[in-house]
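Accompanying notes for the structure given below.
The values are calculated or read from the model by the stated rules, or taken from the named source; none is laboratory data. It should be emphasised that the depicted structure is a prediction, and the values quoted were computed from it without experimental measurement. Here the Cβ is made from the backbone with ideal geometry for all residues, glycine too, and neighbour counts use every protein chain on show. For accessibility, only protein heavy atoms count, side chains too; no ligands or nucleic acids. Shrake-Rupley method; radii C 1.70, N 1.55, O 1.52, S 1.80 Å.
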Amino acid sequence: MNISRRWLEDFLRRPLEPRDLTERLTMLGAPVDSVQPLHAELGDVLVGQVEEVRPHPNADRLRVCIVNGGTAERRNVVCGAANVMAGRKYPYAPVGSTLPGGLRIEERKLRGETSQGMLCSARELGLGQDGEGIWELDTDAAPGTRLLDALPIADHRLVLDIGPNRPDLLGHKGIARELGASLGVPFRLPSLPSAELIDVPPVRRLGNTGKVAGVGAGTEDPEGCPRFLGAVLRGVRIAASPPWLARRLEAVGVRAISNVVDATNYVMLELNQPMHAYDLAKLRGPSVIARRARPGETVTTLDGVSRALDDSMTIIADDGGPIGIAGVMGGAATEVGTDTVDVFLECAYFAPALVRRTRRALNLSTEASYRFERGIDRWGGVEALRRCIEIIGMTAGGELVEAPVDLGPGPQNPARIFLRPSRVAQVLGVDMPGHALESYLVAVGATLVPKSDDRIAVEPPSWRPDLSREIDLIEEIARLHGYQNFPADLRAFRPSLLADATIERISSQVRAGLVRQGLFEVMPHPMGPQDGPQSVRLANPLSSAESYLRRRLLPGLIKLVRHNWDQHVGDVRLFEIGTVFSTAAAGEPPHEERHIAAVLTGRREPPHWSGTGEDRIDLWDLKGLFEAAVALAVPGGVVQVEGSGWIARDAKDRVVGSAGPLEADAPPWADPLFGFELVLDAGARTPERFSPLPITPSAERVFALVLGPGVTAQQVKDLLQRVGGPLLESVSVQSDYRGAGLPAGTRSVAFQLTFRASDRTLRDVEIDEIERRMLAALESELRVVRRVGSAPGSGE
Amino acid sequence: MSHSKSFMSDPTGYPDLDALLPRLRAIPSLGPDDLASEIVAILGRKNGELTAALRSVPSRPPEERKAYGSAVNRLKTQFEEAFAGRSEMLDQERRSREQAGVDLTMPARRRWIGAEHPVTRVMDEIIEIFRGLGFTVAVGPEVETDWYNFGALNFPPDHPAMDMHDTLYVDAPPLPGEQGGRLLLRTHTSPVQIRTLLESPPPVRVVIPGFVYRNDPFDPSHAPAFSQIEGLAVDEGISFVDLKATLVHFAHRFFTPTTKVRFRPSFFPFTEPSAEMDVECQLCHGTGCPACKGTGWMEILGCGMVHPAVYEHTGVDAERYTGWAFGMGPHRITMLRYGIPDIRLLYDGDMRFLEQFVPGGRVTL
């Protein structure tokens, strides 16, 4: 929403400083996004008085003007404008000045006559569309005065961010009302720059429909259009708007078009009442009626697009059919043009939700729809229509042949609101005296009704559709009291009795664990292409490549590895803890699960000049990481071999994760890529417990065993643990040898066994006995024997 | 008689002892091995020269015993001091010789170090501060129904407030029932306010971290999915003053204790009065700079008193209980805090970016 500083000043009759204005509006709830100075580039242009006009000796169309530019010396200015007259004042750009657009004024000869400067049109100064003739100034300022000081041209455009709850701030009047309350000064409509205004008689209240100057008008859809005001002006002359009007519009970024159209736009920007002017000659009937569209009807809007209508939409129609979409955009067929003589002015209230539905259905947002869908002043139409007629009368002439009409039941007034001072104190935490509450409410325009109890009965103003409940009034009180004026002392509170969400706590632990393993956490974009039939599809995706919610994390992580490879980074170790989605049974929301996934490739350690750090990450690094992650994320989880990698099973034997080498579109220099993905189990964890440190010595034995084809280390280990019982403290693998000295297809694996009894020192004979039973079981169950040549009991 | 070093090798008058004096003078030039054997030869417990001399005291003539004994002891002390001095010198020589061959400025051998995502760090820091204020952590689903995301939070249907939430919908039939409606990706963490209030009677004091989604394509300051953290405090006697006090306290702990904070009116359908909290720009400290668009302020969070309509939808007695809520965007705060110019850097997983956030690494604010 663009606002002109000068426009506000005209409401408040006082100068406003842009910085103070910005601060004040921001603290009132209308934050200022930017402040743009306007016409600062006109600083060189002066008020010049033409003292004498002579014909140009060598050119019929040119004149030589003697200009008083405020210096003792008079200047010769050659001028081509027909309207230049001696004694009048005009904008004068002296030699050395620069005009908007970069034209630099220099002394030069025109057909033999010296010209020392330029007399300018409004258009040449960027102040309107009027380029016919130079701009005659109506000012008392002395010649030589800066134009910016003589006329209200210099301005600031403030770009405001108005929330959807404050439609009243979408016009200058609403902003001025807020500022007036804040500054403690009254505000009034700016007076129009004309001594004589057209006489506008009071509106005539009729039924839902009626006639004005022979034109049928009104509403046949009181729901979509509860109020319809109309007026007819005959004999207008369409032309460019005068500079003051064009300037007003352009100060807020609206292009001036013609006096009648500009008048309607002016009223919208000033009073937040969108209006529409129709060329009466083009109306069939003539009539202008708000009604629901009929199936199959179409209308070509001002932008030249033909639009299909349906009966959910309120439209404006004449006897021949639709001529506009109510509250959204007028039709091209009845548009005011240069040849328009008689106009019909429409000033209506359209129901917000209907306008919103219509403009969404048509995908057509306009300044008008923006305002109507937020809710304009329910009773603002009379003032707006009068204002518009006055401006048209001033700028385009014309005659109001009959008093305007006011048709339709009118929008419903909201119910009274009852405000309890005790509730104000409860919500705001501060006791405010009743008279303070009342003065704040009066300042926003509410009417207070005396009540016998301690409540205050409030009728909210017609321009505040957002005020409908007690809490809305409490917000107004807080806002006007000033948020900065509430204390900020911490008071006693009751701490939360709810337990922390376990999934968050567990996620933190897992995250810390993976960071300890040297991995970096990432948060990639969670959408992508379909990943299996259970992928959840979006109805309105950003693009076809990201039209599904992810079902797994790994595809996203592989993309990030590719990104790093593209940057020639080969050491990549990433993990993510995030939500994945899959479709559920009909009538159920998608299934959500929190997963952990990691990818890793490149060197195992940073390279070092000493020669270490050249090893590459391999399957065993992955297995270690996977086991660590399973230990963190899945209580009671186990890792098992599956295919060319591993899977994890939880305590209920469900598969909850997998790990292995990953396929990726890798550059030739890249190292192998590994990864895993795991469901994070939010269930309870068994807390760590202290176990007493051993006080008895341990005994070590090493078995070099020959494992035949198909026998796994895990099988051997399981057997050793089963036979070894509680005295076998741990089993680890020392080496895995294949090759010379072994039967084909076999390998020699060295297991280191640690024995310990917690209550005594184990004797060799005890261990020898266990060892004998282990070897017997290995041979009978797995056909595993000791490697020939290895010494009994001590390894190789 | 004193035993200053200049007299240390004075003759004793006993020939057997004086015979040792050249060896005493030779100590400063002994190498490490010779030093070790000389120590044994002079002071050794079995066959050391001075050990033997001391042992011979009783066999000396009685009138000589005392003087001879003390001469031996003096000489022994001199040898001990000389041995210690030489030993120390040899140690120093060895150390400097060892170092001469090694360039200790060569780079160290390091380990890979991982790091949490900077957004996680910011999120954890925020949560930590609110834990200290009596909050616990709650979470909720990311796919929600219209009712949880909008209806229960007092977004009227066909209201322009909906324009602030460009919603991504799930391609699935709407869920039936009062709390159903179209399935969508939550546009804020606020539906968890509803879930919390439906499940737990006040007092409620929770913070709600999580991802939210908008139909916003990636650009330097927008992303279709980003983090949010919500806070909700509902109890008897909670007012706008508590809201201000708690959030000012948060700002002072998260930024600095002297950071200026301001609250200004704003609009959210599910809070009223609503406010926006700004803190003094952390780059220019309020003087105005491009980062704060010259205002001197940075927008940090939205907040407000819980709207009575939210209580009506969750069955909380709105006359008895009042409360406040806030929401902020850790992605955005991360960008502000670390000076990250483009939000996409937070999604790319670029190792060169992530390595900048290793704890103990360089962090600029």
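Surface exposure of the stretch A:83-238, expressed per residue as accessible area with a 1.4 Å probe, stands at 44 Å². How high is the FRET efficiency between A:Asp140 and A:Ala59 when r is their beta carbon distance and R₀ equals 30 Å, given to the nearest 0.05? That gives a FRET efficiency of 0.35. In the stretch A:575-591, the residues whose accessible area drops by at least 20 square angstrom when the other protein chains are added to the isolated chain are A:Thr579, A:Phe581, A:Gly587, A:Pro589, A:Pro590; the probe is 1.4 Å and only protein heavy atoms count. The phi-based Karplus calculation (6.51 cos²θ - 1.76 cosθ + 1.60; θ = phi - 60°) puts the 3J(HN,Hα) values of the stretch A:139-144 at 8, 8, 4, 5, x, x Hz, whole numbers, x for Gly and Pro. Rounded to the nearest 10 degrees, the angle from helix A:434-443 to the longest Cα principal axis of chain A is 70 degrees.
Directionally averaged projected area (the stretch A:494-533, Cα convex hull): 5.7 nm².
The angle between the Cα long axis of helix A:502-516 and the longest principal axis of the Cα atoms of chain A comes to about 70 degrees, rounded to the nearest 10.
Of the residues B:Thr189, B:Leu50, B:Ala225, the one whose Cα sits farthest toward the positive end of the charge dipole of the protein assembly as shown, with +1 on the Cβ of Lys and Arg and -1 on the Cβ of Asp and Glu, is B:Leu50. For A:Gln273, the amide hydrogen comes within under 5 Å of the amide hydrogens of A:Met268, counting only partners 5 or more places away or on other chains and with H modelled in the peptide plane. Would you please classify the overall shape of the stretch A:259-397 from the alpha carbon gyration tensor, given that a ≥ b ≥ c denote the square roots of the eigenvalues, rounded means a/c under 1.5, and beyond that prolate means a/b larger than b/c while oblate covers the rest? Since a/c reaches 1.5 but b/c is at least a/b, the shape of the stretch A:259-397 is classed as oblate.
For B:Lys76, the lysines whose Cα falls under 20 Å of its own Cα, not counting residues fewer than eight places away in the same chain, are B:Lys5, B:Lys46, B:Lys66. For B:Gly304, the residues 5 or more places off, or on other chains, whose built amide H falls under 5 Å of its own are B:Ala275, B:Ala325. By the rule of a C-alpha distance below 16 Å, with chain neighbours fewer than 8 residues away ignored, the aspartates and glutamates paired with A:Lys559 are A:Glu521, A:Asp531, A:Glu546, A:Asp571, A:Glu576, A:Glu663, A:Asp665, A:Asp671, A:Glu677, B:Asp348, B:Asp350. In the protein assembly as shown, the calculated helix contribution to ellipticity at 222 nm averages -8500 deg cm²/dmol per residue, counting -39,500 (n - 2.57) for every DSSP H run with n ≥ 4. Evaluate the stretch B:1-158: find the radius of gyration of its Cα atoms, find its Kirkwood radius, and give the ratio Rg to Rh. Rounded to two decimals, Rg over Rh is 1.68. With kT/(6 pi eta Rh) evaluated at 4 °C and eta = 1.567 mPa s, and Rh the Kirkwood radius from Cα pairs, the stretch B:79-234 diffuses with a coefficient of 63 µm²/s according to Stokes-Einstein.
Placing R0 at 41 angstrom, the Cβ-Cβ distance between A:Ala586 and B:Ser200 gives a FRET efficiency of 0.85 after rounding to 0.05. The residue list A:Ala240, A:Ala251, A:Phe187 was ranked by how far each Cα lies along the charge dipole of the stretch A:167-257 toward its positive end, using unit charges on Cβ atoms, and A:Ala240 comes out on top. Computed from the C-beta positions of B:Thr77 and B:Leu104, the FRET efficiency with R₀ = 41 Å rounds to 0.55. The label-point distance for A:Lys559 and A:Thr338, in a model that sets each label 7 Å from Cα toward Cβ, rounds to 5.5 nm. Put a plus charge on the Cβ of each Lys and Arg, a minus charge on the Cβ of each Asp and Glu, and nothing anywhere else: the dipole of the protein assembly as shown about its Cα centre is then about 1640 debye. Seen from all directions on average, the stretch A:520-585 presents a Cα convex hull projection of 5.1 nm².
The radius of gyration of the Cα set in the stretch A:598-678, together with its Dmax, comes out at 14.4, 49 angstrom. The Cα center of the stretch A:223-300 and the Cα center of the stretch B:272-350 differ in position by 41 Å.
Under 5 Å from the amide H of A:Arg685 lies no amide H of any residue 5 or more positions distant or on a separate chain, with H modelled from the backbone and absent for Pro and chain starts.
In a reduced charge model with +1 at each Lys and Arg Cβ and -1 at each Asp and Glu Cβ, the stretch A:582-636 shows a dipole moment near 120 debye about its Cα centre. Annotation: cysteines of the protein assembly as shown without a disulfide-compatible partner (Cβ-Cβ under 4.7 angstrom) are A:Cys65, A:Cys79, A:Cys120, A:Cys225, A:Cys347, A:Cys388, B:Cys303.
Here A:Cys65 sits with roughly 0 square angstrom of accessible surface, probe radius 1.4 Å.
Taking every Cα-Cα distance in the stretch A:177-288 and sorting them into 5 Å bins from zero, the calculated P(r) comes out as 2, 9, 14, 18, 19, 15, 13, 7, 2, 1, 0 percent.
Using the Kirkwood radius built from alpha carbon pairs, what does the Stokes-Einstein equation give as D for the stretch A:328-367 at 4 °C and 1.567 mPa s, in µm² per second? So the translational diffusion coefficient is about 106 µm²/s.
Could you tell me which residue out of B:Val122, B:Ala325, B:His313 lies farthest along the dipole of chain B toward its positive end? Charges go on the beta carbon: Lys and Arg +1, Asp and Glu -1, centred on the Cα centre. With unit charges placed on the Cβ atoms, the residue in question is B:Val122.
Let me know the shape class of the stretch A:114-165, please: from the alpha-carbon gyration tensor, a ≥ b ≥ c as square roots of the eigenvalues, rounded when a/c is under 1.5, otherwise prolate if a/b is greater than b/c, or oblate. Prolate, because a/c is 1.5 or more and a/b exceeds b/c. Heavy atoms of chains B and A lose about 8200 Å² of accessible surface on contact, summed over both sides with a 1.4 Å probe. For peptide B:285-296, the mean count of partner chain Cβ atoms within 10 Å of a residue's Cβ comes to 1. Extents of the stretch B:237-365, taken as max minus min of Cα coordinates on every principal axis and listed largest first, are 54, 34, 25 Å.
What shape does the stretch B:113-186 take by its C-alpha gyration tensor, where a ≥ b ≥ c are the square roots of the eigenvalues and a/c under 1.5 counts as rounded, a/b above b/c as prolate, and the rest as oblate? Note, shape of the stretch B:113-186 comes out prolate. Against the main long axis of the alpha-carbon atoms of chain B, helix B:118-131 sits at an angle near 80°.
Averaging the Cα positions of each part gives two centres, and for the stretch A:1-31 and the stretch B:22-40 these lie 97 Å apart. Split the accessible area of the protein assembly as shown by element, probe 1.4 Å, and carbon with sulfur accounts for 51%.
Computed about the Cα centre, the dipole magnitude for the stretch B:169-262 is approximately 360 debye when only Lys and Arg (+1) and Asp and Glu (-1) carry charge, each at its Cβ. Expressed as a whole number of Å, what is the distance separating the alpha-carbon centroids of the stretch A:34-103 and the stretch A:341-391? A separation of 42 Å, based on Cα centres. At a probe radius of 1.4 angstrom, the accessible area of the stretch B:4-111 per residue rounds to 68 square angstrom. Evaluating 6.51 cos²θ - 1.76 cosθ + 1.60 at θ = phi - 60° for every residue in the stretch B:55-67, the Karplus couplings come out as 4, 7, 3, x, 8, 6, x, x, 5, 9, 4, 5, 5 Hz, glycine and proline recorded as x.
Ordering A:Asp342, A:Asp431, B:Asp166 by accessible surface, largest first, gives A:Asp431, B:Asp166, A:Asp342; the 1.4 Å probe counts only protein heavy atoms, with every chain in place.
Summarised as an ellipsoid, the stretch A:519-665 has semi-axes of 30, 22, 11 Å, derived from the eigenvalues of the Cα gyration tensor scaled by 5 and square-rooted, with the largest first.
For the protein assembly as shown, the spherically averaged projection of the C-alpha convex hull amounts to 79.7 nm².
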